[in-house]
Amino acid sequence: MKKININNLVCPHVLNMKAYSSARMEYDGKEGVFLDANENSLGSVTSEIHNRYPDPLQSDLKNEIANVYNVLPNQLFLGNGSDECINVLIQAFCRSGLDKIVQFSPTFSMYEHAAKVMNIEVLDVLLNESDFQINTNELFSTLGKSTNTSSLKDENKNEIKQGVVKIIFICSPNNPTGNLINKNDIEFILTNFDGLVVIDEAYQDFSGNESWLNRLHEFQNLVVINTFSKSFGMADARLGMLFANSEIIHFMNTIKMPYNITQHTIQLGLEAIRNLSKKQAFIIELLKEKRYLNTELNKISTVKKVYHSDTNFILFKVDDANAVYKYLLANQVIIRNRNSAPLLKGCLRVSVGTQQENEKFIEVLKNYN
Ligand SMILES: *Cc1c(COP(=O)(O)O)cnc(C)c1O
């Protein structure tokens with residue numbers, strides 16, 4: 001087991017904080033006269049009843065999710081989308097204006113966004129152009145140039161006022177390139193970096209690969225993110241999951257907004273986690289449609305390259321991405337233009353849709369000239 005001292009890694013001001021507590025947390029019965037939170041006991045103005053504050057730790061939902069993903073409930077944090085999971089993690093571990101994160105571009109934009117909002121510097125390491133894999137030499141040379149110590153205290157127990165790289169974000173399979181990141185490289189980073197390593201597995205269900213969740217017990221610095229937004233088809237519910245050792249989760253719970261997940265979302269989450277067979281059917285259907293898109297894209301002369309995808313989207317290259325993108329828009333087909341992202345000149349990203357949507361997209365693209 002790779003051990004790190006989480007207490008030395010977390011922001012010193014967070015280390016000493018107490019979580020928000022409400023009277024409801026001191027009483028665990030379900031029945032009673034609840035006059036502690038200034039709620040409206042008469043009911044709600046809406047037809048659905050929403051007059052009571054939800055469970056701040058979402059215990060019922062966490063128990064069921066933990067069961068499915070084979071972790072303990074205290075190894076799980078739920079957020080208003082994975083966006084909130086990313087935010088709260090950075091808030092707990094990165095000192096504003098001081099600490100840093102690492103990301104591998106081109107990648108999901110939320111890591112950088114969340115960091116920048118908190119005035120956290122983002123060290124950007126480019127993926128290899130040839131295969132969109134991580135260049136670990138480049139990573140560790142970047143880390144070497146930056147102050148890279150996991151300890152926030154010097155020998156005299158004074159807080160070190162130097163920036164530290166606290167978190168490395170790895171998106172695997174990566175958005176928008178679509179590929180899985182090599183297992184050996186991730187292992188190497190987990191072993192040799194003394195901060196947190198986040199693996200964002202938003203698309204893991206489509207990859208058929210083993211989840212990094214299975215390695216949680218081996219690396220105390222491993223954090224895995226997943227979401228209800230993709231394979232579950234619940235993007236509108238805004239429900240994200242973050243898995244890590246219980247100490248990390250503890251600090252996240254300490255600083256989060258107390259009622260970050262609504263009761264309505266908790267209900268939706270419970271319904272979703274009990275419908276795994278439907279998710280499985282979606283995955284099979286979407287993978288079939290992805291094969292169709294892949295085959296058809298390869299037949300179109302406008303398309304210069306179709307990248308391998310372990311996800312529910314496909315990245316492909318054309319000569320003039322802006323022109324193709326605008327042409328598709330004019331024909332009411334909306335895809336994502338990634339032309340200006342690093343390494344992705346000429347690239348467009350299309351989500352796998354229904355058979356009808358995919359056929360329409362292909363038909364319109366075929367007629368581009
Ligand atoms: C879509 C996506 C998510 C999901 O974000 P939510 O806030 O949970 O909807 C997370 N990570 C990546 C890389 C994504 O592409």
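The values are calculated or read from the model by the stated rules, or taken from the named source; none is laboratory data. No experiment lies behind these values; they were computed from the predicted model shown. Cβ sites come from the backbone with ideal geometry, for glycine too, and all protein chains shown count toward neighbours.
Determine whether the range 264-279 contains at least one residue that is farther than 21 Å from V68 by Cα, in contact (Cβ under 8 Å) with a residue 40 or more places away in the chain and within 16 Å of the ligand (Cβ to nearest atom). Within the range 264-279 (the criterion being farther than 21 Å from V68 by Cα, in contact (Cβ under 8 Å) with a residue 40 or more places away in the chain and within 16 Å of the ligand (Cβ to nearest atom)), the answer is no, since none of the residues qualifies. With respect to the conditions (1) more than 18 Å from the chain's Cα centre (by Cα); (2) in contact (Cβ under 8 Å) with a residue 24 or more places away in the chain; (3) assigned to a loop (DSSP other than H, G, I, E, B), G97 falls short on a single one, namely (2).
Scanning the range 71-90 for residues that are assigned to a helix (DSSP H, G or I) and over 15 Å from the mean Cα position of the chain (by Cα) gives P73, N74, Q75. Considering only the range 83-96, I want to know if a residue exists there that is closer than 29 Å to F193 by Cα and touching a Ser or Thr at 6+ places or on another chain (Cβ under 7 Å). No, there is no match, as no residue in the range 83-96 is closer than 29 Å to F193 by Cα and touching a Ser or Thr at 6+ places or on another chain (Cβ under 7 Å). Restricting the range 194-211 to residues that are in contact with a strand residue (DSSP E or B) (Cβ under 6 Å, 6 or more places away or on another chain) and more than 14 Å from the ligand (Cβ to nearest atom) leaves a set whose member that is farthest from L287 (Cα to Cα) is G195.
When the range 34-82 is limited to residues that are farther than 19 Å from S21 by Cβ, surrounded by 16 or more Cβ atoms within 10 Å (Cβ to Cβ) and of a type in the set (S, T, N, Q), the one that is farthest from the ligand (Cβ to nearest atom) turns out to be Q75. Taking the listed residues K166, K230, K183, the one that is more than 13 Å from the ligand (Cβ to nearest atom), of a type in the set (D, E, K, R), at pLDDT 95 or above and surrounded by 18 or more Cβ atoms within 10 Å (Cβ to Cβ) is K166, with no other qualifying.
State whether the residues of the range 123-137 include one that is closer than 24 Å to P12 by Cα, away from the ligand (no atom under 15 Å from the Cβ), modelled with pLDDT of 95 or more and surrounded by fewer than 22 Cβ atoms within 10 Å (Cβ to Cβ). The answer is yes; a qualifying residue exists. The set of residues in the range 302-327 that are touching a residue at least 40 places away in the same chain (Cβ under 8 Å), in contact with a strand residue (DSSP E or B) (Cβ under 8 Å, 6 or more places away or on another chain) and crowded, with 17+ Cβ neighbours inside 10 Å comprises T302, V303, Y307, S309, N312, F313, I314, L315, V324.
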